[in-house]
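Working notes for the structure below.
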Amino acid sequence: MQKKTRHPIKQNRPDIRSERLAWFAGQLELEPELLVLFGGT
């Protein structure tokens, strides 16, 4: 039996990693006071 991981193995792939890094970098440009959150559960 293989040990379960907290993160998917594929997130370490070079193509996925570059996309994740670009997404994280884009978060720095967000202005929190302009965000609208939906939900409530």
For the subset of segment 21-35 comprising residues that are part of a loop (DSSP other than H, G, I, E, B) and at pLDDT below 90, which member is farthest from the chain's Cα centre (by Cα)? LEU35
Looking at segment 1-20, which of its residues are at pLDDT 85 or above, surrounded by 10 or more Cβ atoms within 10 Å (Cβ to Cβ) and outside any loop (DSSP other than H, G, I, E, B)? ILE16, ARG17, SER18, GLU19, ARG20
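The values are calculated or read from the model by the stated rules, or taken from the named source; none is laboratory data. Please read all numbers here as calculations on a predicted model, not as lab measurements. Every residue, glycine among them, receives a Cβ derived from its backbone with ideal geometry; neighbour counts consider all protein chains shown.
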